[in-house]
Amino acid sequence: MVLLGVVFSVGMLVAAARLASFEDAVASIVRIEVPAGVLADVYEPAVPADAGDPDATGKPVDADADQADKPLPPRNFLLIGTDSAIGLDADDPAGHRDRTPGVALADAIMLLRLDPGLSRASLVSLPRDLYVMIHRNGIPVREEKLASALLVGGMELGAPTLVETVTNEFGVPIHNFVIIDFLGFENIVDEIGGVSLWFPYPARDLASGLYVSESGCTLFDGRAALSFVRSRKPELFIDGTWQRVGVWNDLERNRRQQDFLVLAMERVIANGARSVIVRDDLIEAIAGATILDDRLTLRDLLDLGAAFADFDPTGLERHSLPVYDDVVGTSSVLRLHPDARKVFDVFRGITLRPDDVPLDVIDRRGPIDESVPAFQQMAYKGFPVRPLIGEAVPATTIRASRDRFDAAVLVGQMVTPMPRFEFDDTLGDRVELILGEDFGSFLLAPRDLDQVRAVAQAALGAPDNLADEGALAPFDGVGYGYESARSDQRGLPVFDPASASAATTGGDPSTSAVSFRATRRTLRIKATTFDGRRPDGSRCP
C-alpha cells in the first residue's frame, strides 16, 4: 500500500508538471487584441421558458439539467495562412516572398466549424482571389481580392479586418482566428516527423519547388510539405512526358491543402497527440508557430480538446465553394455563385432547408376544428409532408434518428410551445412531428436556432430516452391516415423516397453532389489528380 501510494504520488507530480508546462506553452502564444464587435460572442443558449412543459407521461421536463453535462456551443474559427517568408532559409523555394515584418497576404483562408455537441467538424476553403468589399471598423473600404484584407493595417489590424470582411460579405460569424506563416507551418510538420503522401507518378511544380522523383509513398518534411500545399501548377510524369494536373487554379490547390490537413491530423494522432500530457512538446511547437486572437482561452482549448479527443480526421466534413471566373480591369478574379449560400449555411448553423426534410405530421391532438389542416401548414413552409392521424397524446414531440438531428431541429424551430425530442435510429430518414394536446401553433418566423439545438442536444445526450416509461411507441400509421392524402384538392406534396433520392442526385443514384467552377474556356488535360492516399484509400505509413 505504501509503494502504491508513492507511485501514485509521483505520477500525480509528473502529470502536474507536464500540465503546468502545457499551460506555460499556451500562455506564450502571441495574441492579437481584437477591437470590440469584430469577433462574435459564443452563444450560450438559455433554457426556453416552455422547456418545462409536461412530457408524454404528464410529468414536467427538467429544465435545470446539470450544467456540467451541457454540450459546448458550436464555434467558428477562421484559419489564416500567411505568405510571410520571415525566418526561412535563403534556399527555401518559399523564401523569396516578402520578408517585411507585419506585411503579408492571406495565402490560405479556411473556415472551420467545431460543434462539440454533435462531435462534428466542418471545413471550407475561401479562395484568396474572391473579389469582395473589404470591411474595417464597420466601414466598407474598397473592393479587392480577399487575400489583400490582411494588408490593411499590417498583422495587428489585418487579421481583424479579414474577420470583418468574411463576416460582412458571407454572413458567417467568426468566434476565433488562428494565424500561421510559412516558417510556423514547416516547424509543425517537422515536429510531427513529416507527413507521407502517395503519388501515382513522379511529380513536380517548378513554381513552388515541389519535386517527387518516384511514384508511391514519399515522406515530406516541413519544406517539402510547404511546396506541396503551395503548389498551383503541379505536373505528373506520365508516358515519358510531364503532364499538367487539373486546370491549375486555387480551387484545386485548396482541395490539396485540405487533403494534406487530414493526413497531417492522422499523423499527429498516430504520434500520440490525443494526450496533451504525453505530447506537450507538440503543443509547445504549435504554440511557437501560431498567433491567436485574445479571446481564445486555455479553458476553451482544453474543453474543445476533450470534446474532440476521439474525433476521426476522416470524418471532417469538407465543403467546396462554387465560384465563377471574372475579370476586373486587367485582374482575373473569382466571384461567388448563388449556390454558395448553401455552403455558408453550414457555418451559420443552417445545414438544411425545409425541402430537404421529408416529414410525417402525425395529428394526435384529438378532435380538432381548423380551417387549414396542420399538415398543410407545414407543406406551405416547404416541407414534403405525409399526413397521419393517431390517438391523443399530451405532448408535442419530434422523433428522428440521430443522423437526422439537424432535420429535427429545423422542424422544432417551427413549433410552439417548444416540443419534446426523441431520437431513435430505427426511424431511418423519416422525421416525425407528433402534434399533442399541448400544441399551440406554427411560428411565422422560426424560433432561435441555438435555443432549439440546446433542447434537442439534451435529448440526444440521453441514450435511454426512448426506453423511459411513457415514451411514444414507434408510429407506423396503420389504421390511421387521411384517405385522400394524395388528393390534388389538398395540394399536398406527398413524400416519395425514390423521387427524393433522384432529386438529390440529379436522377442518377451514382452521382454525388460536387461543387463547380464555371469557366470561360475548356481545357483538355489527360493527367489524373492525387490526394496523397493510396488507390485503396489507405494512407502511407
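Exactly one of these conditions fails for Leu304: (1) more than 23 Å from the chain's Cα centre (by Cα); (2) touching a residue at least 60 places away in the same chain (Cβ under 8 Å). Give me its number.
Condition not satisfied by Leu304: (1).
For Phe375, state whether it is crowded, with 19+ Cβ neighbours inside 10 Å, modelled with pLDDT of 90 or more and under 22 Å from the mean Cα position of the chain (by Cα).
no
For the range 279-300, give me the residue count where each residue is buried (at least 18 other Cβ atoms within 10 Å of the Cβ), touching a residue at least 24 places away in the same chain (Cβ under 8 Å) and out of contact with any strand residue (DSSP E or B) (no Cβ under 8 Å at 6 or more places or on another chain).
The total comes to 6.
Which residues, taken from the range 415-449, are more than 12 Å from Ser401 (Cβ to Cβ) and either among the aliphatic types (A, V, I, L, M) or touching a Gly at 6+ places or on another chain (Cβ under 6 Å) (or both)?
Matches in the range 415-449: Val415, Thr416, Pro417, Met418, Pro419, Leu433, Ile434, Leu435, Leu443, Leu444, Ala445, Leu449.
Can you confirm whether the range 154-167 contains a residue that is out of contact with any Gly (no Cβ under 9 Å at 6 or more places or on another chain), crowded, with 21+ Cβ neighbours inside 10 Å and assigned to a strand (DSSP E or B)?
no
Quick check on the range 203-248: of everything there that is part of a loop (DSSP other than H, G, I, E, B) and of a type in the set (Ser, Thr, Tyr), which residue is farthest from Glu186 (Cα to Cα)?
Per the criteria, the residue is Ser215.
Any residue at all in the range 114-135 that's under 21 Å from Gly37 (Cβ atoms) and under 21 Å from the mean Cα position of the chain (by Cα)?
No: the range 114-135 contains no residue that is under 21 Å from Gly37 (Cβ atoms) and under 21 Å from the mean Cα position of the chain (by Cα).
Which of the residues that make up the range 173-191 are of a type outside the set (Phe, Trp, Tyr), over 22 Å from Thr297 (Cβ atoms) and surrounded by 22 or more Cβ atoms within 10 Å (Cβ to Cβ)?
Scanning the range 173-191 gives Asp181, Glu186, Val189.
Which residue, of Phe439, Phe383, Phe421, is part of a loop (DSSP other than H, G, I, E, B), under 25 Å from the mean Cα position of the chain (by Cα) and either modelled with pLDDT of 95 or more or within 26 Å of Pro367 (Cα to Cα) (or both)?
After applying the criteria, what remains is Phe383.
Name the pairs whose Cβ atoms lie under 6 Å apart, with the first residue in the range 396-419 and surrounded by fewer than 22 Cβ atoms within 10 Å (Cβ to Cβ) and among the β-branched types (Val, Ile, Thr), the second at pLDDT below 95 and part of a loop (DSSP other than H, G, I, E, B), and 6 or more positions between them or separate chains?
Close Cβ pairs (under 6 Å, with a partner that is at pLDDT below 95 and part of a loop (DSSP other than H, G, I, E, B)) amount to Thr416/Gly440; Thr416/Leu443.
Among the numbered conditions (1) part of a helix (DSSP H, G or I); (2) in contact (Cβ under 8 Å) with a residue 12 or more places away in the chain; (3) surrounded by fewer than 20 Cβ atoms within 10 Å (Cβ to Cβ), tell me where Asp325 comes up short.
Answer for Asp325: the failing condition is (1).
Please specify each residue of the range 168-201 satisfying the condition of being polar (S, T, N, Q) and part of a helix (DSSP H, G or I).
Answer for the range 168-201, where residues must be polar (S, T, N, Q) and part of a helix (DSSP H, G or I): Asn168, Asn187.
Check whether at least one residue in the range 188-196 is in contact (Cβ under 8 Å) with a residue 60 or more places away in the chain, over 18 Å from Ile286 (Cα atoms) and among the hydrophobic types (A, V, I, L, M, F, W, C), and report yes or no.
No; the residues of the range 188-196 include none that is in contact (Cβ under 8 Å) with a residue 60 or more places away in the chain, over 18 Å from Ile286 (Cα atoms) and among the hydrophobic types (A, V, I, L, M, F, W, C).
Which residue is modelled with the lowest pLDDT, if the candidates are limited to the range 237-283 and must be out of contact with any Leu (no Cβ under 6 Å at 6 or more places or on another chain) and of a type in the set (Gly, Ala, Ser)?
Ser275
Quick one: is Asp369 of a type in the set (D, E, K, R), on the phi < 0 side of the Ramachandran plot and either assigned to a helix (DSSP H, G or I) or touching a Leu at 6+ places or on another chain (Cβ under 7 Å) (or both)?
Spelling it out, it is not the case that Asp369 is of a type in the set (D, E, K, R), on the phi < 0 side of the Ramachandran plot and either assigned to a helix (DSSP H, G or I) or touching a Leu at 6+ places or on another chain (Cβ under 7 Å) (or both).
Do we find that Ala306 is surrounded by fewer than 17 Cβ atoms within 10 Å (Cβ to Cβ) and among the small types (Gly, Ala, Ser) in this structure?
Yes: the conditions hold for Ala306.
Restricted to the range 201-253, and to residues that are closer than 28 Å to Gly87 by Cβ, aromatic (Phe, Trp, Tyr) and surrounded by 15 or more Cβ atoms within 10 Å (Cβ to Cβ), which residue is nearest to the chain's Cα centre (by Cα)?
Phe228
Among the residues of the range 168-198, which ones are among the small types (Gly, Ala, Ser) and out of contact with any Gly (no Cβ under 9 Å at 6 or more places or on another chain)?
Gly171, Gly193
Taking the range 118-153 as the search range and keeping residues that are in contact (Cβ under 8 Å) with a residue 60 or more places away in the chain and hydrophobic (A, V, I, L, M, F, W, C), which one is surrounded by the most Cβ atoms within 10 Å (Cβ to Cβ)?
Only one residue tops the list, namely Leu126.
For the range 156-164, check the following and say yes or no: at least one residue is of a type outside the set (Lys, Arg), within 29 Å of Asp91 (Cβ to Cβ) and either within 27 Å of the chain's Cα centre (by Cα) or modelled with pLDDT of 95 or more (or both).
Looking for residues that are of a type outside the set (Lys, Arg), within 29 Å of Asp91 (Cβ to Cβ) and either within 27 Å of the chain's Cα centre (by Cα) or modelled with pLDDT of 95 or more (or both), one finds at least one in the range 156-164, hence yes.
Given the conditions (1) farther than 26 Å from Val166 by Cβ; (2) crowded, with 17+ Cβ neighbours inside 10 Å, report the number of the one that Glu370 does not fulfil.
Of everything listed in (1) farther than 26 Å from Val166 by Cβ; (2) crowded, with 17+ Cβ neighbours inside 10 Å, Glu370 misses just condition (2).
The values are calculated or read from the model by the stated rules, or taken from the named source; none is laboratory data. Fair warning: this is a prediction, and the values are worked out from it, not measured in the lab. All Cβ positions, glycine included, derive from the backbone under ideal geometry; neighbour counts span all protein chains shown.
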